[in-house]
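Values in this text are rule-based calculations from the coordinates and carry no lab data. Predicted, not measured: the structure shown is a model, and the values here were computed from it. Note: ideal-geometry Cβ built from the backbone for every residue, glycine included; neighbour counts use all protein chains shown.
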Amino acid sequence: MQRRRICFFTLTELITAMAVLIVLMYALINFFFSIQSVWVDSAKKSAIYENANLVFSMIEQDLKGIVISCPFYYDSSTNAVNFVTSSAISSDNSYKWPYFEVRYMLGLNGAFKRLCVSDKGTTTPNDYWDFYRADRQVASAQKWFETPASNTNTFRNLVFGITDLTFTRLKRGGTVAAADEIPAYLSVTLNMLTEDDYKVYDVLASGTPKDTFKNMHARKFTKTFCLRNLL
């Protein structure tokens, strides 16, 4: 009877096989983490587009119900717009009239802020928006917004991560509209960063470091709203 010969791996062969296995596992792990990093980065960038769409949708809804007989005011000192609308969303349901004064502006920490003021007052008549009062003109409306803390309706932060916010107001002929004039076109431009990028941007020194980082990582969104058919 012929004996079968049993072959064993040599130490060199075992070491070579283990080295190949380690290389394959390392490549597989790197591939997994690369895919995960791409997915996370894509999700963060997708959130920027969703936030921009949220901002534009909210402004569009408010502009659809704009009351052209009431003042429109652009505050250049804070780069904010104020106008009266009949289609605003408010967290306060105790108002008597379905009209609201809304204000949009850029706040701290890159927050896009929205203030919705109803006819509900607190301590004095100037604490609320009353479009039937003769003294509720542009000047007093602007003054009210300087101290909004006395009202129960406070600013709501819609999204964060905005580095720049620009409102461009144009007449029908293309010239810039006055601060208290309802424009034929209102163009809104946003420069936005992801949450992680904004944390880095926030701690950078003002000037060139911030501008360089913003130019490299920020996404720019612009939408123009046409109001000329309402005028």
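A few comments on the model shown:
- In order along the range 175-185, phi translates into HN-Hα couplings of 7, 6, 6, 5, 4, 9, 10, 5, x, 6, 9 Hz, rounded to whole numbers, per the Karplus curve 6.51 cos²θ - 1.76 cosθ + 1.60 with θ = phi - 60° and x for Gly and Pro.
- A full extension of the chain between ASP196 and PHE33 corresponds to an added length of 56.8 nm, given 0.36 nm per residue minus the alpha carbon distance.
- Full extension of the segment from ASP164 to THR224, taken as 0.36 nm per residue of separation minus the current Cα-Cα distance, would add 20.0 nm.
- Amide H to amide H distances under 5 Å link ALA184 with LEU170, LYS171, ARG172, where only residues 5 or more positions off or on other chains count and H is placed in the peptide plane.
- Listed values for the range 10-21 are Karplus-derived 3J(HN,Hα) couplings in whole Hz (6.51 cos²θ - 1.76 cosθ + 1.60, θ = phi - 60°), namely 7, 4, 5, 5, 4, 5, 5, 5, 5, 5, 5, 5, and x replaces Gly and Pro.
- Amide H to amide H, with H built 1.01 Å from N, VAL159 comes under 5 Å of PHE112, counting only residues 5 or more places away or on other chains.
- Sorted by Cβ density within 10 Å, fewest first, the residues VAL102, VAL55, VAL176: VAL176, VAL55, VAL102
- Over 23 Å (Cα to Cα) - which of LYS171/LYS210; LYS45/LYS223; LYS44/LYS64; LYS64/LYS223; LYS113/LYS214; LYS113/LYS223 fall in this group: LYS171/LYS210; LYS44/LYS64
- Spin-label pair ARG172-SER86: with each label point 7 Å from Cα along the Cα-Cβ axis, the two points sit 2.3 nm from one another.
- The residues GLU13, GLU60, when put in order of fewest to most other Cβ atoms within 10 Å, stand as GLU13, GLU60.
- Segment GLU181-ALA205, extension gain: residue separation times 0.36 nm, minus the distance between their alpha carbons: 4.9 nm
- Going from the residue with the fewest nearby Cβ atoms within 10 Å to the one with the most, CYS226, CYS116 rank CYS226, CYS116.
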